[in-house]
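Nothing in this text is a laboratory measurement; each read-out follows from the coordinates by a stated rule. Computed from a predicted structure; not experimentally measured. Virtual Cβ from ideal backbone geometry, glycine too; neighbours counted across all protein chains shown.
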Amino acid sequence: MAKFDCELFGHFVYGPELSYNDLLAREAELVDAIHGALDASGGEHIDFTPTGDALRVQCVFAHHEETAFHAACAAVAPLLRGDVEGRMLFVDKGLDLLHLYLLADGTWREAALRLPEARAGMAAHAQTDPALAVGPTAKPKPGAARAKRGKGGGKTTAKPAE
């Protein structure tokens, strides 16, 4: 069984100046070019989802290799003129590292984020970053209330008529 350590999520947005027919032509061109670039860079199980004003792409890679990501960006970026821009996020499945690529006007830029371990990240950032503040999403019920509800399944039985 194959093992894939990295997943790509891509999102390419069409400009409002494209007519419907132009958009369809650009989408066909992009699907072919992106598929070829990802395949040549080691991408597998390449899937495209058109959403009307954007194109989503998802695929997997055997390894989280920056050189493969650069090769894919270098092949795709020249196709992105003023009428299309894109983002590609490569996620290490161990959630250790994210590589984000912004692509527009024939060029690309890279940003990488190394994710901390859960406890270390919460300790270091919870006080300064509200997004990392941990709180319950729902108020838990007391244990006694759950135990009573579980007995008898919440059904009542009628006594037989005498």
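Under the condition of being among the polar types (S, T, N, Q) and surrounded by 14 or more Cβ atoms within 10 Å (Cβ to Cβ), the residues counted in segment 14-51 number 1. Selection of segment 80-114 for residues being at negative phi, touching a helix residue (DSSP H, G or I) at 6+ places or on another chain (Cβ under 7 Å) and outside any strand (DSSP E or B) yields only D83. Listed conditions (1) within 21 Å of the chain's Cα centre (by Cα); (2) touching a residue at least 12 places away in the same chain (Cβ under 8 Å); (3) closer than 19 Å to A74 by Cα are all met by K3, apart from (3). Only one of the numbered conditions (1) touching a Pro at 6+ places or on another chain (Cβ under 8 Å); (2) in a strand (DSSP E or B); (3) acidic (D, E) is not met by E7, and that is (1).
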